[in-house]
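Report on one structure; see the data block that follows.
The values are calculated or read from the model by the stated rules, or taken from the named source; none is laboratory data. These numbers come from a predicted model, not from an experiment. With ideal geometry, Cβ positions are generated from the backbone for all residues, glycine too; neighbour counts draw on all protein chains shown.
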Amino acid sequence: MDTLMIELLTRLGWTSLQSVLLVALVWGVCRLLPALPTATRCRLWWLVAAQAVLGLVWSSPLELAVLPAPAAPATQLVALPAVETALASAPDMTGAVAMAAPQALWSWPALLLAAWVAGVLVMLVHSLRGYRHSRALVRGAADCTDATLQQALHLAAEAHGLRRAPTLKVSAQIRSPQLIGPWRPVLLLPARELQAMSADDLDMALTHELVHLQRRDLWWGLLPALAQHLFFFHPLVHLAAREYAVAREEACDGAVVAGQGHCRHDYGRLLVQLGVAPRPAVGVASASPNFRSLKRRLLTLQQTRRFPRVAALAITAMVVLVGVAPMRLVAAVTPPPPAPPAPAAPRVPTPPTPLPAAAPLAAPAPQVAPQPVAAPIAPAPPAAPRAPEPPKALGDGMALVTHGKLDLSRQPAQAFVLMGGDSNFVDASLADLKQAKHDAHGDEPALWVRRGQERYLIRDPAVLRQLARSQADVAALGSAQAALGTLQSELGQHLADVSMQVTADAMASVDVAAVANLAARQSGASAASEAAQAARQARIAARKAVDTEQIARVAREQAEMGREQARLARQQSVASARASRDVRAAIDQALSSGKAERLRD
């Protein structure tokens, strides 16, 4: 229930925001194009009401990834042995959530939803009173007995392509003609004003109401009325409904003066004669509801410029494509962290400078065997990263690797676990993953869903086949990342071995130089021994140069693998977001079609 409340309030909020933008767009178009046909204006304002109603009933709105990305994405690859350990250490999470459930009755979403339902009911009661009043007008009206007027009405109805003419009655409680419907429409004529109306005035009034029937305005007007009920708190939705009603009357006025050959001046005089009268709750009237509306209708009659039909259709199509479909602003895909830089080669310590030989004493001391000088301690090479262990199957059939978003700190309002194949795809918490494993009871593929406190299990093969490809794409990218990580760890181990060999060569070079210097001071080495020492040092230097070149080559390969891993991480992030949208759409469809099995505790 909590999830449904939050979802409904979310739809109300996003739809209200989109309605503001769409009303601003339509108002700007009508303001910048005063010659726009009244019928097109009527359609544009009707589309605003359609957008408001669609925003509440549309289950899969368009998602625009324009919001800032979250600071850090959740884990992309989780080893299930570690997850099992965490689940075992936190067994009471589900119980804590269940204990907190009764408090949700007095939460802010519940109060807001109750206020919205109360407002809709108030609007509904007001509309029911208006409907009863209009029915009372029809019951209190007298049938028209004027045969000439009845014949004129039938002829006009045939001229407008109507299969049957509305029922014609005369009422003493109205001041202007009114068409009440939409079921079995009844045309009411004012009894007092009827005596003062000329034949042309009566013909124009009847034509106006028949144009309403021809355009099916009584049926089309139900949608703006519904939008006003659902969004009673939104002033711009009420503005759109009023603008639609005025544009509808202006469109019928234009049809009267254009199609029947009536004079604009005479029709304007008729509008002034009918004056201002309140619009009925269920139906349309020829009179204007206020003086501002009457002024706009008179000014519209003076416009004679023609607007291109293609341009009017293009504007309508633009509004439909841009603003009618429900949209949501979502966070952009989180970019992966940059690849770590390649480890630098260890610095070889500089050998110590040999001391100058001391002058010999009068009696030479006995020769002592030279002792090797202790070399300086070299820094330890960097340890290679540990290669990830290959996934192994658990006893209950669940794969060891889980892809998607696993929240380690809190429990989201909605969660799902897609189990099947060699991997799982989740958007859930640790407690949800444990509960899904408990509810699955087997190795068969399944989709576990939680909405608030309600749990569902979907095993429909068509739904699971629909999601198998998205899940396989995410799993393949995860496996590729794991394989690349293993190769990187092997290169790191090789780099560590080469670095250790370079360090050993440096230490050997220091030992040789120190021993040779000590032996020369004590025994007076000849030029031949110095040449041999130089040759040995040259061989060590050549080997060290080869090792250093190998270190540089391995470092370049590691940097290249780091860039490839970053690219795979970006692809996996996009694939995970797409798979998550597919799963949520499939969940909504399965819940609405009854393919989801509701689980009981």
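Going by the conditions given, is Leu21 within 30 Å of Phe307 (Cβ to Cβ) and either in contact (Cβ under 8 Å) with a residue 12 or more places away in the chain or out of contact with any Phe, Trp or Tyr (no Cβ under 7 Å at 6 or more places or on another chain) (or both)? Write out each step before concluding.
Values: within 30 Å of Phe307 (Cβ to Cβ): yes; either in contact (Cβ under 8 Å) with a residue 12 or more places away in the chain or out of contact with any Phe, Trp or Tyr (no Cβ under 7 Å at 6 or more places or on another chain) (or both): yes.
It is true that Leu21 is within 30 Å of Phe307 (Cβ to Cβ) and either in contact (Cβ under 8 Å) with a residue 12 or more places away in the chain or out of contact with any Phe, Trp or Tyr (no Cβ under 7 Å at 6 or more places or on another chain) (or both).
Considering the stretch 134-165, and only residues there that are within 18 Å of Gly181 (Cβ to Cβ) and touching a strand residue (DSSP E or B) at 6+ places or on another chain (Cβ under 7 Å), the residue that is surrounded by the fewest Cβ atoms within 10 Å (Cβ to Cβ) turns out to be Asp143.
Looking across Leu17, Leu21, Leu9, one residue alone is in contact with a helix residue (DSSP H, G or I) (Cβ under 6 Å, 6 or more places away or on another chain), within 22 Å of Phe233 (Cβ to Cβ) and either among the basic types (Lys, Arg) or assigned to a helix (DSSP H, G or I) (or both). It is Leu9.
In this structure, is Asp266 among the charged types (D, E, K, R), surrounded by fewer than 21 Cβ atoms within 10 Å (Cβ to Cβ) and in contact with a His (Cβ under 8 Å, 6 or more places away or on another chain)? Lay out the reasoning, then the answer.
Details: among the charged types (D, E, K, R): yes; surrounded by fewer than 21 Cβ atoms within 10 Å (Cβ to Cβ): yes; in contact with a His (Cβ under 8 Å, 6 or more places away or on another chain): no.
It is false that Asp266 is among the charged types (D, E, K, R), surrounded by fewer than 21 Cβ atoms within 10 Å (Cβ to Cβ) and in contact with a His (Cβ under 8 Å, 6 or more places away or on another chain).
Taking the criterion of being exposed (fewer than 12 other Cβ atoms within 10 Å of the Cβ) and outside any helix (DSSP H, G or I), the residues of the stretch 284-335 that qualify are Gln302, Thr304, Arg305, Arg306, Pro308. Going through (1) modelled with pLDDT under 80; (2) under 22 Å from Arg581 (Cβ atoms) one by one, Trp58 falls short only on (1).
Can you tell me which residue is farthest from Ser198 (Cα to Cα) among those in the stretch 171-184 that are of a type in the set (A, V, I, L, M, F, W, C) and surrounded by 18 or more Cβ atoms within 10 Å (Cβ to Cβ)?
Of all residues in the stretch 171-184, those of a type in the set (A, V, I, L, M, F, W, C) come to 172, 174, 179-180, 183.
Right, trim to surrounded by 18 or more Cβ atoms within 10 Å (Cβ to Cβ) and you get 174, 179-180.
Working: Ile174: 18, Leu179: 20, Ile180: 23 Å.
Filtering the stretch 171-184 for residues that are of a type in the set (A, V, I, L, M, F, W, C) and surrounded by 18 or more Cβ atoms within 10 Å (Cβ to Cβ), the one farthest from Ser198 (Cα to Cα) comes out as Ile180.
One residue alone among Glu243, Glu249 is touching a helix residue (DSSP H, G or I) at 6+ places or on another chain (Cβ under 8 Å), under 17 Å from Val23 (Cα atoms) and of a type in the set (D, E, K, R), and that residue is Glu243. Select from the stretch 440-475 the residues that are among the basic types (Lys, Arg) and surrounded by fewer than 20 Cβ atoms within 10 Å (Cβ to Cβ) and list them in ascending order. Across the stretch 440-475, the qualifying residues are Arg459, Arg465, Arg469.
Here the stretch 434-451 is the region considered, the condition is being of a type in the set (A, V, I, L, M) and modelled with pLDDT of 80 or more, and the residue that is nearest to the chain's Cα centre (by Cα) is Val449.
In the stretch 247-256, the count of residues that are under 27 Å from Val120 (Cβ atoms) and not in a loop (DSSP other than H, G, I, E, B) is one or more.
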